[in-house]
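Asks: There's a structure below that I have some questions on.
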Amino acid sequence: MNIRTLTFKGGTHPPDSKKATESLPIERANEPKVVVIPMQQHIGAPCEPIVQIGDEVKVGQKIGEAKGFVSVPVHSSVSGKVTAVEPRLYSGGMAVPCIVIESDMQNIVSDQVVPKGDISVLSAEDIKNIIKEAGIVGMGGATFPTHVKLAPPPDKKVDTVILNGAECEPYLTSDHRLMLEYPENVVFGLQALMKALGVKKGYIGIETNKPDAIEKVFEAAKDVADIEVVALKTKYPQGAEKQLIYACTGREVPSGGLPADAGVVVNNVGTAAAVAKAIKTGMPLIERIVTVTGAGVNSPKNLLVKIGTSFRDIIEQCGGLKGKVGKVIAGGPMMGITQFSLDIPAIKGTSGILVLSEEEARLPEPSNCIKCGKCVETCPINLMPVNISMYSLANRHDQAEALNAMDCIECGSCSYVCPAKRPLVDSIRVSKREILARRKKAQSK
Ligand code: SF4
Ligand code: SF4
C-alpha cells in the first residue's frame, strides 16, 4: 500500500475520544413509531410540504418540494399516515415547518424508488438530477445541497473532487464505520461525483488515526483510475474544506473565496455513499449513521437512524442517559450545536449525538489575555483571533471585518488552546453575524 501522508499549517490536537464507538459496527436503529421531518434540513430555502394531514405515505416518497435552486426535496423515512403539518423545534435551535408521520411499521416502499441504471450510461446531467431529487446534502454536518456544488459558475475551472474522510471532530466515528463497512459505496459515489463534474482527478483523504479505514478504502479504489487515497495527519481541523484542499493539492483558497476558486469541489464520504445508494437503489436520503456517545449515555453506539427519529428515542436505544447530564450536543464538541430538548428529530446533518456529563460540560471561568500568541499560532486560517475577539467584544465589528473575521471557519481551535479560556470563537461568531447583517442591509438600500 503506497500512500502519501499530508497535512496543513496550524491546527491543534484535542483528545480524539473515539475509543467508545470506533470498533462498534453500525446497527440499524429500532423502527420509530412517529417521525418528525423538518422542511428545513439544509442550507438554502426551506421545502414546501406537498402532503396533508390524513395522507398515507410510503418510504422514499417525496413529501416536501424544493423551493428554488439552493434547496432540496425531503422524503418520508417511514410508511404510515401524516398526523400533523406544523412548526416544531429542530436541532438548529428554532421551530421550523415539519411533517409528522405515524408509522404503520410496515416499511412499504414507494414505487417512485427504482434503480437509476448503470453509471456508464448516465450523463452528467442525469447524475446531478438524481442527486437533487434524492435530497442529498453535505452529510458532514454542513448540509449544503450537493447538486449546487456540482454546478460551479462557468468561470471557475474545477478539475478535482476531494472526499472528506478525515472525521477530525472528536468523539464522532460514523464516517469511520461507513468507510470500513461500505468502502465500495464511497468509491462509487466519488466516481459519480467526478462524472457529474467532468473531472479526472479524485482524492479520498482519511486521517491516520483510522488505519483500518485507509486500508479498506484503498483496496476498494486500487483498480479505479484517477482516484488516490491519501492519509492525513491526525490534527484538528483536518477535515475543514480549505485545510483539506491544501493538504491534498497544495492549493490555497483565497480569502473570501470558495473551493471552486482553487479548482476543487469537496464532499463528505457520507455524501458520496448517499449518492451511490440513490443511483444503485433509487432510495433518496431518508436515513443516516449517527454516533451516539459521551460519558452521559449508557451504551454508546453507531446507529443507522431514520430521518425524523427523536433524539429521545435514539438515546433510549443506547440504554438511556447516565448520571448527571451537563450537555447534549448535535454533532461533535468543537462544531456541534448544544440542544435544549431531546424532543427534536435527527436530520440529514446529524452526524452525532454527544451527551456530556455535568463535569465535562462545566465551562471554565475566562481570565485576562496573557498575550501568549497561542491562538494566532493555532489558527488554520492565519487569523489573529485575539484581536478579532477584542474588537467584537468592544462592538467594533468594522475593525473585526478589516481583520478578515469573515474568513473564520469557526473551528474552535483558538478557544481550545487559549490558556486564559477566552471566549474567542463565540465572540468572533457574533462579529460575523453582525457583519453579515450590515452587508445585507447595505445591499437592500
Ligand atoms: S479564528 Fe476561527 S478559524 Fe481561526 S482558530 Fe479561531 S475559530 Fe478557527
Ligand atoms: S491564546 Fe488566549 S491568552 Fe493567548 S494570546 Fe490568544 S487570547 Fe490571549
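The values are calculated or read from the model by the stated rules, or taken from the named source; none is laboratory data. Keep in mind the model is a prediction, meaning the values are calculated, not measured. No Cβ is skipped: glycine too gets one built from the backbone with ideal geometry, and neighbour counts run over all protein chains shown. The area values use the complete protein model at the heavy-atom level, side chains included, leaving out ligands, DNA and RNA. Shrake-Rupley method; radii C 1.70, N 1.55, O 1.52, S 1.80 Å.
Asks: Measure off, as a whole percent, the carbon and sulfur share of the 1.4 Å-probe accessible area of the chain, all protein chains present.
Replies: On the way: 10200 of 19400 Å².
In the chain, the share of accessible area belonging to carbon and sulfur is 53 percent.
Asks: Another question, then. For F340 and A45 in the same chain, what is the full-extension length gain: residue separation times 0.36 nm, less their Cα-Cα distance, in nm? Working shown, then result.
Replies: On the way: separation 295, 0.36 × 295 = 106.20 nm, distance 2.47 nm.
The span from F340 to A45 would gain 103.7 nm if fully extended.
Asks: Go through A402, S415, S392 and say which Cα lies farthest out towards the positive end of the charge dipole of segment 374-444; charges sit on Cβ, +1 for Lys and Arg, -1 for Asp and Glu.
Replies: S392
Asks: Select from I214, L197, S79 the residue farthest towards the positive end of the dipole of the chain; place +1 on Cβ of Lys and Arg, -1 on Cβ of Asp and Glu, and compute about the Cα centre.
Replies: Of the options given, the answer is L197.
Asks: At q = 0.14, 0.15, 0.20 Å⁻¹, work out log10 I(q)/I(0) for segment 3-98 with the Debye formula, treating every Cα as an identical point scatterer and leaving solvent out; two decimals please.
Replies: Treating every Cα as an identical point scatterer, log10 I(q)/I(0) equals -0.72, -0.77, -0.99.
Asks: Apply the Karplus parameterisation 6.51 cos²θ - 1.76 cosθ + 1.60, with θ equal to phi minus 60°, to every residue of segment 256-270 and state each ³J(HN,Hα) to the nearest whole Hz, in sequence, with x for glycine and proline.
Replies: Each residue's phi maps through the Karplus curve to give x, x, 10, x, 4, 5, 9, x, 10, 10, 10, 9, 7, 4, x Hz.
Asks: Quick one: which residues, 5+ away or cross-chain, put their amide H under 5 Å from the amide H of I108? H built at 1.01 Å from N.
Replies: It is V59, S79, by chain and number.
Asks: Taking the Cα centre of segment 374-444 as origin and charging only Cβ (+1 Lys, Arg; -1 Asp, Glu), how large is the dipole, in debye to the nearest 20? Spell out each step's value before the answer.
Replies: Details: 11 positive and 7 negative charges, 53 e Å.
Approximately 260 debye in magnitude.
Asks: Could I ask something else about it? For the chain, what is the charge dipole size about the Cα centre, in debye to the nearest 20, if Lys and Arg each add +1 at the Cβ and Asp and Glu each add -1 at the Cβ?
Replies: Numbers: 52 positive and 48 negative charges, 228 e Å.
Rounded to the nearest 20 debye, it is 1100 debye.
Asks: For Y171, enumerate residues with amide H under 5 Å from its amide H, sequence gap 5+ or separate chain, H modeled in the peptide plane.
Replies: S17, K18
Asks: Only Lys, Arg, Asp and Glu count, each charged at its Cβ (+1, +1, -1, -1), so figure out the dipole size of segment 212-334 about its Cα centre, rounded to 20 debye. Provide the component values of the computation, followed by the final result.
Replies: Numbers: 15 positive and 12 negative charges, 124 e Å.
That gives a dipole near 600 debye.
Asks: May I pose another question? For each pair in K9/K327; K58/K216; K301/K324, compute the distance between the two Cα atoms and list the pairs where it is over 27 Å. Intermediate values should be presented prior to the final figure.
Replies: On the way: K9/K327 32 Å; K58/K216 35 Å; K301/K324 20 Å.
Violating the 27 Å limit, Cα to Cα: K9/K327; K58/K216.
Asks: Extension gain K371-E316, at 0.36 nm per residue separation less the Cα-Cα distance, in nm?
Replies: Working: separation 55, 0.36 × 55 = 19.80 nm, distance 4.59 nm.
The K371-E316 span can extend by a further 15.2 nm.
Asks: So how long is each side of segment 374-444 along the principal axes, counting just the alpha-carbon atoms, biggest first, in Å?
Replies: The Cα atoms of segment 374-444 stretch 41, 22, 15 Å along their principal axes.
Asks: Mean 1/r over all different Cα pairs, inverted: what Kirkwood radius does the chain give, in Å? Numbers along the way, then the final one.
Replies: On the way: mean 1/r = 0.0445 Å⁻¹.
Radius from the Kirkwood sum: 22.5 Å.
Asks: Next question. Provide the net charge surrounding K67, with neighbours chosen by a C-beta distance below 15 Å and charges set as Lys +1, Arg +1, Asp -1, Glu -1.
Replies: Details: positive: K62, K132; negative: E48, E65, E133.
Net charge around K67: -1.
Asks: Grab the beta carbon distance between E86 and R433, set R0 = 25 Å, and tell me the FRET efficiency rounded to 0.05. It would help to have the intermediate numbers written out before the result.
Replies: Working: r = 28 Å, r/R0 = 1.12.
In this case the efficiency is close to 0.35.
Asks: Moving on to the next point. Order these peptides, 105-118, 332-345, 247-260, by their mean beta-carbon neighbour count within 10 angstrom, highest first.
Replies: On the way: 105-118: 13.6, 332-345: 18.8, 247-260: 16.1.
Packing proxy ranking, top to bottom: 332-345, 247-260, 105-118.
Asks: Apply the Karplus curve 6.51 cos²θ - 1.76 cosθ + 1.60, θ = phi - 60°, to the phi angles in segment 413-429 and return the couplings in whole Hz, x for Gly and Pro.
Replies: Once rounded to whole Hz, the list reads 4, 4, 4, 4, 8, 5, x, 8, 6, 5, x, 5, 5, 4, 6, 5, 4.
Asks: Given labels modelled 7 Å from the Cα in the Cβ direction, how far is it in nm from E181 to D223?
Replies: 2.6 nm
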